[in-house]
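Let me begin by presenting the structure, written as structure tokens, before commenting on it.
The numbers here are math on the coordinates, done by the rules we state, and not lab data. Just so it is clear, the structure is predicted and the values come from calculations on it, not from any experiment. Here the Cβ positions follow ideal geometry from the backbone for every residue, glycine too, while neighbour counts run over all protein chains shown.
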Amino acid sequence: MHLVTSLNYGGLETIVVDLAEMLNRKNLGGCTIYCLDVPKELAKEVNICPVEYLSADRSKFPWDVDAVRKLRQQLLVSNSKLPDKQKTEGKNQTSNISKSVILHAHNMAAWQYAVLASFGTGVKVVYTQHGANIHNRGLKNRLRSIVLSWFTDRIVAVSTDTAGAMVKEQGIPRRRIKIIKNGIDIERFSEREPRINTDKHGWKKNLGIPEDSLIIGSVGRLDHVKGYDVLISAFATLVKRRDAGYRSQVTGDESDAPSIPPTNRPTDSPFLLLVGDGPEYDNLKRQAKELNIDKQVIFAGCQKSVREYLRLMDVFVLPSRSEGISIALLEACACGLPVVVTDVGGNTEVIEDDKTGVVVASDDINALGAAISRLYTDESLRRRMGEAACKHIGDRFSLDATLAEYKTIYSGI
């Protein structure tokens, strides 16, 4: 039983759905996803495993007792359906990975409810933290994490950096933390066609982007922690330098020519494509307008077919201020995209600088702009890094590998 806050579009939610459906598809134990909150868009796309909602009012202090009671009842019902262990001893149990109900919570809010509901039920609790959890720091949350860890059978971090943050900020002993890196269904994203000036599905036209334009893009929640304000500022410098280069080509005045070489076509001006939604949407749109690049920044909103939007991009940028192992980053690499990432969280555990992508300092507009400009002007570099990233993800970050490690944990409790 997986417990999440909701099933909105996001990396955490995507990996939970993928793991749950694969568990059911391979007959490795009946799996259900429980959401603390009301249904969200991703829930409509879950096909193989049931999705239940607790409709918790998480504004109640210290927690919603009714939601805890409801989840506890589900645990007891599930426990009662397990085969009698004495009757099944010695029999082949290959279809099940555990003889117990396992409640697998993802991130802090779900962890708290999982532990509370599991008391006295005999249910095993697994907890996975998907990032450094910068929203839940401080003494109160440190104490809460320590207490919750006492009643948790296995604790997982999605990256070495996340594990380090759990030790430093939350007081969880390192020996108790197992690192299992997120993975994706490689086959879903790896089929691709050449990216230079291709528009197989006419999506560029629908977005108002000229056919021969180069697209810088990103996929993620429009939140401060994702650093999209820095990306928009860096993109503005790219546009300014490119436009200045074109003007110098037309006028012959190279007195202030930028480092970006001019091109022969004014229509190949770069575009920035942001796929996702979130609390910073209005601020980011305002920023783009103030920088006079609003016509070249496309806000596509939350999208079901993220793969198709990734196929439009020429360069993928993840400008995060904090990160676990980004599913969007893995998907971009699997699509063969060259990437630029910041040196935070698990980004550097996925990307090797100057080989499978470019790594820059977080919150550094100039460094980010220079990295994007480098890829913008060098088609062969884009292809080389994209191919290297695709191979690396296929070798190291497959969903099958992630599931195998979780199966080991499930079977050992």
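Between K391 and K240, what is 0.36 nm times their sequence separation minus the Cα-Cα distance? Round to one decimal in nm.
Numbers: separation 151, 0.36 × 151 = 54.36 nm, distance 3.44 nm.
Full extension of this stretch gives 50.9 nm more.
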Reduced Cα scattering model of segment 348-413, Debye log10 I(q)/I(0), q = 0.14, 0.19, 0.21, 0.24 Å⁻¹: -0.57, -0.79, -0.88, -1.01
DSSP loop GluC sites (Glu not before Pro) with at most 12 other Cβ within 10 Å: longest gap in the chain: 255-413
Listed residues N141, V344, G120: farthest to the positive end of the dipole of the chain (Cβ charges): G120
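Per DSSP helix of 4 or more residues, -39500 (n - 2.57); summed, then divided by the residues of the chain. What does that give at 222 nm, rounded to the nearest 500? Walk me through the numbers on the way to the answer.
Working: 16 runs with 176 residues, N = 413.
Calculated at 222 nm, the ellipticity per residue is -13000 deg cm²/dmol.
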Normalised alpha carbon radius of gyration of the chain [divisor 2.2 N^0.38 Å]: 1.07
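Is there a quick way to get the dipole size of the chain? I mean about its Cα centre, with the Cβ of Lys and Arg at +1 and of Asp and Glu at -1; what is the value in debye to the nearest 20?
Working: 55 positive and 51 negative charges, 341 e Å.
Around 1640 debye, computed over the chain.
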